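Remarks on the structure that follows.
Only the coordinates and a few stated rules stand behind these numbers; no lab work does. These numbers were taken from a predicted model, which means no experiment stands behind them. Here Cβ is always computed from backbone atoms with ideal geometry, including for glycine, and neighbour counts include all displayed protein chains.
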Amino acid sequence: MRLLPVAIASALALVGVAEAHAKPLRLAAISTTAGPCRPLDGAAPAGEKAYYNHLAKRLGVEVLKCPVADAAAAATGLATGTLDMAVLGPAAYERVRSTARSILTLRAADSVNRIPVVLAVRANDHRRSLAELSGTSVAYGGASPAALATPRQVFSERGAGAGFFGREVVESEPENAVAQLRARQVDAMALHAADWQRLCRAISPKKPTPCADLAVVLKARPRAAQAIVVRRDMLPEMRYRLIGIHMPLHLEAPAAFAWAASWMPHAAEFVPTEAEALTLANLDR
């Protein structure tokens with residue numbers, strides 16, 4: 001008999017999810033004439049029709065177009081609950097970051113993903129912020145875009161552009177950058193997260209942490225220029241389904257992808273993002 005309340009609760013939860021999914025998905029659309037949400041007009045471009053139809057078919061809900069004047073109005077719609085999804089940039093997102101979150105952005109065909117970057121110093125160094133490293137020396141773990149251009153972008157976005165470091169050393173391998181730091185040849189080193197994990201991840205609780213003598217000053221990704229943003233109160237299942245639908249969109253529905261990705265030149269694919277992708281927030285260390 002004790003199982004009955006659990007079964008009832010589970011059934012009610014499933015009903016709630018079904019009801020939530022039955023609600024239309026309301027998409028912001030920048031337009032010269034703002035207006036109420038409505039089904040897509042029959043005269044809409046073929047790519048737009050393909051995108052709306054693809055979402056509706058995969059989600060099993062009606063997808064509505066909601067004309068708004070600009071990105072700021074789209075952000076307001078997310079905050080007030082009159083919209084469910086919009087494409088925003090950093091400025092518009094800042095207005096609603098407490099009530100909305102990023103879920104997807106685009107990767108250009110000629111670029112790498114937004115790989116996290118780790119900036120580290122020796123553990124006995126008192127400096128624990130990027131600003132405190134002004135005028136010091138830094139070693140990079142390679143010359144590839146992920147190893148060099150991406151860290152420089154992360155630093156530049158945080159006010160540490162060209163000339164911030166007094167000396168930059170570009171090593172051929174990440175192991176060399178670590179060695180330079182440990183030998184006190186440089187004050188800091190920058191690695192992309194994959195190299196950091198490979199070299200510094202704890203292999204076993206019984207063995208010393210490989211990089212216990214180093215301290216992470218910053219761990220961050222390049223800020224996204226634009227992202228698909230949804231309300232934070234959207235059900236996780238719906239959020240995950242939206243991510244799962246968009247990631248293979250360039251393969252499954254090329255026409256829909258071309259229209260949905262038109263905000264980035266030479267877009268290659270949608271990629272999932274962290275909630276604060278449109279900000280300069282640091283990642284958990």
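Of note:
- For segment 117-220, the Kirkwood estimate of hydrodynamic radius, built from reciprocal distances between every pair of different alpha carbons, is 13.5 Å.
- Multiplying the residue separation of Ala131 and Glu94 by 0.36 nm and removing their Cα-Cα distance gives an extension gain of 11.0 nm.
- For Arg107, net neighbour charge (Lys/Arg +1, Asp/Glu -1) across residues whose Cβ lies under 12 Å away: -1
- At full extension, Ala281 and Ala69 could sit 73.5 nm farther apart than now, given 0.36 nm per residue minus the alpha carbon distance.
- Where trypsin sites (Lys or Arg not before Pro) fall in DSSP loop in segment 222-275, at most 16 other Cβ within 10 Å: Arg232
- Rounded to the nearest 500, the helix-only mean residue ellipticity at 222 nm of the chain stands at -9500 deg cm²/dmol, with each DSSP H run of n ≥ 4 adding -39,500 (n - 2.57).
- For the chain, built as a Gaussian network whose Cα springs stay under 10 Å, the top-fluctuating residue of Tyr52, Tyr240, Tyr140: Tyr240
- Within the same chain, lysines fewer than 8 places from Lys65 are excluded, and of the rest, those with a Cα less than 25 Å from its Cα are Lys23, Lys49, Lys57.
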